[in-house]
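Trainee: Before we start, here is the structure in question, set down as structure tokens.
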Amino acid sequence: MKYIDEYRDEKVAHGLLGNLQRIATRGWVLMEVCGGQTHTLMRYGIDELLPNSMQMVHGPGCPVCVTPLEIIDKAVALAERPEVILVSYGDMLRVPGSTTDLLHVKARGGDVRMVYSPLESLKIARENPTREVVFFGIGFETTAPANAAAVWQAQRMGLKNFALLASHVLVPPAVRMLLSSPVNRVQGLIAPGHVCAIVGTRDYEALATEFHIPIVVGGFEPVDLLEAILMLTAQLEEGRAEMEIQYTRSVSAPGNVRAQRIVAEVFEVCDQKWRGLGPIAKSGLRMQEAFRAFDAEAKYDLHDIAVDEPTECISAEILQGLKRPTDCPAFAGRCTPESPLGAPMVSAEGACAAYYHYRRHEAVSLVSIGGN
Amino acid sequence: MCLAIPGQLVAKSEAEGILTGRVKFGGISREVCMDFLPEAEVGDYVLVHVGFAISRIDEEEARKTYEYLEKTGLVDEELAAMRASDAAAIPTLQETVVELKA
Amino acid sequence: MATLSSLACPMPIAVNTHIVLGHGSGGKLSADLVRDVFLPAFGNPALNRLDDQASLQMASGRIAFSTDSFIVKPLFFPGGNIGELAIYGTVNDLAVGGAEPKYLSASFILEEGLPLKTLHQIVKSMSDAAARAGVSIVTGDTKVVEKGCGDKIFINTSGIGVIPAGLTLSASLVEPGDHILLSGPLGEHGITILSQREGLELGGELKSDTAPLHKLAQAIIKASPQARCMRDLTRGGLSSALNEIAASARVGIEINERSIPVRETVRGACELFGLDPLYVANEGKLIAIVPASESSATLAAMRLVDTGSESTDIGVITEAHAGLVTMRTALGTMRVVDMLAGDQLPRIC
Ligand code: SF4
């Protein structure tokens, strides 16, 4: 497949590694923000290939993982109502709330359906005029425009039985929080390419200046990531701290203006809680007044239920690169993708889950295998 | 986060005020919403996320970068050969950085 | 003038174009169904007697016995339908045990309202499939559930086959150094079904790989006298089969990503929905584990059978990391190939 296969080429990858080996004089600590990039690093074992002491820290960029427990509980509560058809992305169906997940609600008779695109939920609403359709839409800046487009279309079509239960998070405030931490070790940042395809690169230029840290907007294939790592290392070795784009085939400085416009029309910035990180100011999106009729939280008068995260989970330290998933005493024992204790074990993209799926051969001495 | 896959736009149409396109991914194709990318033309490669085309792939840019990347792979092979014959041939950090930026 | 027969109640089977509860009553409608639908398709001496049991002549020795139930949505898909799945599923379970499949039972749970035409079509393809697999359907049953209590049609088949004297195949025989042979590209059945549900348009070449594997299995046994075991790759895909073997034989398994064939169509769908072809279902693929000394001859023999023409050698059994399956990636690194807890769901991130 064009634009995929050539970016998995072994020769090119090893060429980049060779260059990296030559220029890296120190064990730089780099962070990939996005879970998709974490997934690629783990799946291809790229971090194993890096020159000795270089280290990748896996950032908070998995929208499934950081969706707060309370919102999942709200989705579960809605799905349990007989009049409701709860529609969501496949990713969200297995994510446990504080008591259960959506697949179990479905098994007990709830009408839970999976879609690939938010527009399909509009179709379901039109085909079921006597039912209430709630689309449980989550995501970062990349997915927000599609979710916004669904709400916008619903209004245009005059759909009365459609609402959005939304959990949208914004990357830059979370990155700012991690970089401002007194214990921060991250020296260079791979910014999420697909987020930047939508929002452009301005925020990341600002972050590079503010924290005097090199930032490279990277793609998602192995060659993309290796090139991004090489570009960051070159900046660090030369003492530069700039925003550069590696993923030039898909990212331009202004981003996708049309997508930005629909997000601005439907949503407004708000404070947001992140599972694993806690509340972060101005790091989320909620519906504008004009679209409140489609806001599931307002429509169904859902109240916040305060839920505590298990104390055992060391996800905050993992997201800051202070510890690795395998350092967590619960890893692969009490905490597995089937019954996660914390955010990074929830989706395949979370750092702990990625280690669990792809890296257990390293942890074999730590846990007994085949016994779970 | 956001799984987005490049595919080739093979047809465009409009239904109920929504601009749609058929995009080919390997051996399959699927309808996607083109509302965020009305300027894309049949034949273009577009990046698709949750059924929406979100950016057009800049083929010229991709070609240029990839040529450079391939050269890197090649250079590395040659270097490996050189290193085998003459350890002193390994470029210094400064030389490599210049080469990378070129 | 009315004749006697025109005054009688019309023949129900002639009027009923759909399954009604009476078809499962054991009464006249049931008998009609057997006479008009099942016997014409499956008829053979053992079945035609319509006794409560089939009486079968078997060679002495060991027999293999297997059962499986089939539910699939949609019932008809490119490359097959639920009827073929029901025959080949059980045939393949027998075949990978080294048995020559002989006799099958077929039980139907029909939902009230199922068009008789649909049942006819399914039964017809079961009969064709049975012929292709060289098995007879010798006993069967039908029940009808009320509308809403089933999903059109569920089929259970059980089957018996004869195991050649002296042949033992078992995961416990697997030894470090053995080779793993895969009979062809992965994921075609699973992706075909997914694409029907997700409204994907498939390129011309993609269809379910539904096929009987008895000939391929026999060819493997012939080419590899010391073959250790075979598995057909159904739900859970290649990964589940390998993980089961690694766990039960307490060995490690190392496969090579590059040698695992996946078609462009399957890859496209997997990339789009974030799925891994190693976990996608197949209905006409198997793996065989054979000693290294017999692997190339076995591979050559597999490639001569139509259902194995794209066979490859995908990896080896190792002493290291017992219980774990690892894969050498396209970049030359190693990663674990995990067993999934549930079905893979399409994902957006
Ligand atoms: S392994 Fe589980 S408990 Fe430990 S940090 Fe990761 S998510 Fe938290």
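Trainee: What does the convex hull of the Cα atoms of chain C come to per residue, in Å³, rounded to a whole number?
Mentor: Spelled out: Cα convex hull of chain C, divided by residues, is 161 Å³.
Trainee: For the stretch C:171-336, build the charge dipole from Cβ charges (+1 Lys, Arg; -1 Asp, Glu) around the Cα centre, then report which of C:Ala301, C:Gln196, C:Val262 sits farthest towards its positive end.
Mentor: The Cα lying farthest towards the positive end belongs to C:Ala301.
Trainee: Also: On a 0 to 90 degree scale, rounded to 10, what angle separates helix A:222-238 from the longest Cα axis of chain A?
Mentor: In chain A, helix A:222-238 runs at an angle near 60 degrees to the longest axis.
Trainee: On to the next question. For the stretch C:69-122, what are the per-bin percents of Cα-Cα distances with bins 5 Å wide, up to the bin holding the maximum?
Mentor: Distribution as computed: 4, 15, 27, 23, 16, 9, 4, 2, 0 percent.
Trainee: Excluding ligands and nucleic acids, what accessible area in Å² is computed for A:Glu221 using a 1.4 Å probe, to the nearest 10?
Mentor: That residue has around 30 Å² of solvent-accessible surface.
Trainee: Place a +1 charge on the Cβ of each Lys and Arg in the stretch C:21-162 and a -1 charge on the Cβ of each Asp and Glu, then give the dipole magnitude about the Cα centre in debye, rounded to the nearest 20.
Mentor: Dipole of the stretch C:21-162, to the nearest 20 debye: 180 debye.
Trainee: Per residue, how big is the convex hull around the C-alpha atoms of the stretch A:1-151? Give it to me in cubic angstrom, could you?
Mentor: So the per-residue Cα hull volume is 150 Å³.
Trainee: Obtain the nm distance between the two label points defined at A:Ala293 and C:Asp52 by a simple spin-label model: each point lies 7 Å from its Cα along the Cα-to-C-beta direction.
Mentor: 6.7
Trainee: Additional query: Under 5 Å between amide H atoms, partner at least 5 residues away or on a different chain: which partners does A:Ser252 have, H built in plane at 1.01 Å?
Mentor: Hits under the 5 Å cutoff: none.
Trainee: R0 = 51 Å: FRET efficiency of A:Ser181 with C:Asn16, Cβ-based, nearest 0.05?
Mentor: Given R0 = 51 Å and the Cβ-Cβ separation, E is 0.10.
Trainee: For C:Thr168 and C:Ala341, compute 0.36 nm times the residue count separating them, minus their Cα-Cα distance, and round to one decimal in nm.
Mentor: So the chain would gain 59.2 nm between C:Thr168 and C:Ala341.
Trainee: In degrees, nearest 10, range 0 to 90: what is the angle between the Cα axis of helix A:144-157 and the longest Cα principal axis of chain A?
Mentor: 20
Trainee: Also, quick follow-up: Spelling out what I want: for every residue of the stretch A:260-270, take phi, set θ = phi - 60°, compute 6.51 cos²θ - 1.76 cosθ + 1.60 (Karplus), and round to whole Hz; glycine and proline get x.
Mentor: 4, 5, 5, 5, 5, 6, 8, 10, 9, 6, 9
Trainee: Taking the 0 to 90 degree range and rounding to the nearest ten, how far is the long axis of helix A:171-180 tilted relative to the main principal axis of chain A, both from C-alpha atoms?
Mentor: Roughly 50 degrees, rounded to the nearest 10.
Trainee: Now, a different point. Any cysteines in chain A with zero other Cys Cβ atoms under 4.7 Å from their Cβ? List them, or say none.
Mentor: Cysteines of chain A left without a disulfide-compatible partner: A:Cys34, A:Cys196, A:Cys270, A:Cys313, A:Cys328, A:Cys335, A:Cys352.
Trainee: Still on this structure, please answer the following. Between the stretch A:177-222 and the stretch A:1-23, what is the separation of their alpha carbon centroids in Å?
Mentor: 22
Trainee: Can I ask one more? Once the Cβ-Cβ distance between B:Glu59 and C:Ser25 is put in as r, and R0 is 45 Å, what FRET efficiency do you end up with, to the nearest 0.05?
Mentor: 0.10
Trainee: What's the magnitude of the charge dipole for chain C around its Cα centre, counting Lys and Arg as +1 and Asp and Glu as -1 at the beta-carbon? Answer in Debye, nearest 20.
Mentor: My answer is approximately 420 debye.
Trainee: What accessible surface, in Å², does a 1.4 Å probe find on A:Ile262, ignoring ligands, DNA and RNA and rounding to the nearest 10?
Mentor: Surface accessible to solvent at A:Ile262 totals approximately 20 Å².
Trainee: Another question about this same structure. Take the solvent-accessible surface of the protein heavy atoms, probe 1.4 Å, and return the percent of it on the protein assembly as shown that carbon and sulfur atoms account for. Provide the component values of the computation, followed by the final result.
Mentor: On the way: 17070 of 32220 Å².
Whole-percent figure for carbon plus sulfur exposure: 53.
Trainee: Here's a follow-up. If we count every other residue with Cβ under 11 angstrom of A:Ala163's Cβ, Lys/Arg +1 and Asp/Glu -1, where does the sum land?
Mentor: Local charge sum for A:Ala163: 0.
Trainee: For A:Phe211, what charge total do you get from the other residues with a beta carbon under 14 Å from its beta carbon, if Lys and Arg give +1 and Asp and Glu give -1?
Mentor: Net charge in that neighbourhood comes out at -1.
Trainee: What fraction, in whole percent, of alpha-carbon pairs in the stretch C:171-336 exceed 25 Å separation?
Mentor: Value for the stretch C:171-336 (Cα pairs over 25 Å): 28 percent.
Trainee: Follow-up question, since we're still on this one. In square angstrom, what is the accessible area per residue of chain C with a 1.4 angstrom probe?
Mentor: 42
Trainee: Towards the positive end of the charge dipole of the protein assembly as shown, with charges on Cβ (+1 Lys, Arg; -1 Asp, Glu), say which of A:Tyr300, C:Gly22, A:Cys352 has the farthest Cα.
Mentor: C:Gly22
Trainee: Given bins 10 angstrom wide, list per bin the percent of all Cα-Cα distances in chain A, short to long.
Mentor: Pairs per bin, as whole percents: 5, 24, 32, 25, 12, 3, 0.
Trainee: Would you please state the base-10 log of I(q)/I(0) at q = 0.08 1/Å for the protein assembly as shown, with intensities from the Debye formula using one equal scatterer on every alpha carbon?
Mentor: Debye curve over Cα of the protein assembly as shown, log10 I(q)/I(0) at q = 0.08 Å⁻¹: -0.76.
Trainee: Treating only the Cβ of Lys, Arg, Asp and Glu as charged (+1, +1, -1, -1), what charge dipole size does the stretch A:155-230 show about its Cα centre? Round to the nearest 20 debye. Write down the numbers at each step before the final one.
Mentor: On the way: 5 positive and 6 negative charges, 94 e Å.
Approximately 440 debye in magnitude.
Trainee: Search the structure for amide H atoms under 5 Å from the amide H of B:Phe52, placed 1.01 Å from N in the peptide plane, and list their residues when 5 or more places away or on another chain.
Mentor: Close amide H contacts, sequence-distant or interchain: B:Cys33.
Trainee: Using the heavy atoms of the protein chains and a 1.4 angstrom probe, tell me the accessible area per residue for the stretch A:1-313 in square angstrom.
Mentor: On the way: 10750 Å² over 313 residues.
So the stretch A:1-313 comes to 34 Å² accessible per residue, rounded to a whole number.
Trainee: I would also like to ask the following. Using protein chains only and a probe of 1.4 angstrom, how many square angstrom of C:Phe76 are accessible, to the nearest 10?
Mentor: Number for this one is 80 Å².
Trainee: Further question: Across the stretch A:113-121, in residue order, what do the Karplus-derived ³J(HN,Hα) couplings come to in whole Hz, using 6.51 cos²θ - 1.76 cosθ + 1.60 with θ = phi - 60° and x for Gly and Pro?
Mentor: With coefficients 6.51, -1.76 and 1.60, one gets 10, 9, 10, 9, 10, x, 5, 5, 6 Hz.
Trainee: Separate question: If I take R0 = 35 Å and measure r between the Cβ atoms of C:Ser248 and C:Ser293 in this structure, what FRET efficiency does the formula 1/(1 + (r/R0)^6) give, to the nearest 0.05?
Mentor: Working from the Cβ atoms, E equals 0.90.
Trainee: With runs of 4+ DSSP H residues as the only contributors, calculate the mean residue ellipticity of chain A at 222 nm using -39,500 (n - 2.57) per run, divided by the residue total and rounded to the nearest 500.
Mentor: For chain A, the value works out to -11000 deg cm²/dmol.
Trainee: Additional query: Across the Cα atoms of the stretch C:21-162, what radius of gyration and what greatest pairwise Cα-Cα distance (Dmax) are found, in Å?
Mentor: Both quantities, over Cα of the stretch C:21-162: 14.8, 46 Å.
Trainee: I would also like to ask the following. Within the stretch A:65-97, name every residue whose backbone N is under 12 Å away from a label modeled 7 Å from Cα of C:Arg197 along the Cβ vector.
Mentor: Within reach of a label on C:Arg197, which here means backbone N under 12 Å from a point 7 Å along Cα→Cβ, the stretch A:65-97 contributes A:90.
Trainee: Projecting each Cα onto the charge dipole of the protein assembly as shown (Lys/Arg +1, Asp/Glu -1 at the beta carbon, about the Cα centre), which of B:Ala40, C:Gly134, C:Leu94 comes out farthest on the positive side?
Mentor: With unit charges placed on the Cβ atoms, the residue in question is C:Gly134.
The values are calculated or read from the model by the stated rules, or taken from the named source; none is laboratory data. Just so it is clear, the structure is predicted and the values come from calculations on it, not from any experiment. Quick reminder, even Gly has a Cβ in these numbers, built from the backbone with ideal geometry, and neighbours come from all protein chains shown. Heavy atoms of the whole protein, side chains included, go into the accessibility calculation; ligands, DNA and RNA do not. Shrake-Rupley method; radii C 1.70, N 1.55, O 1.52, S 1.80 Å.
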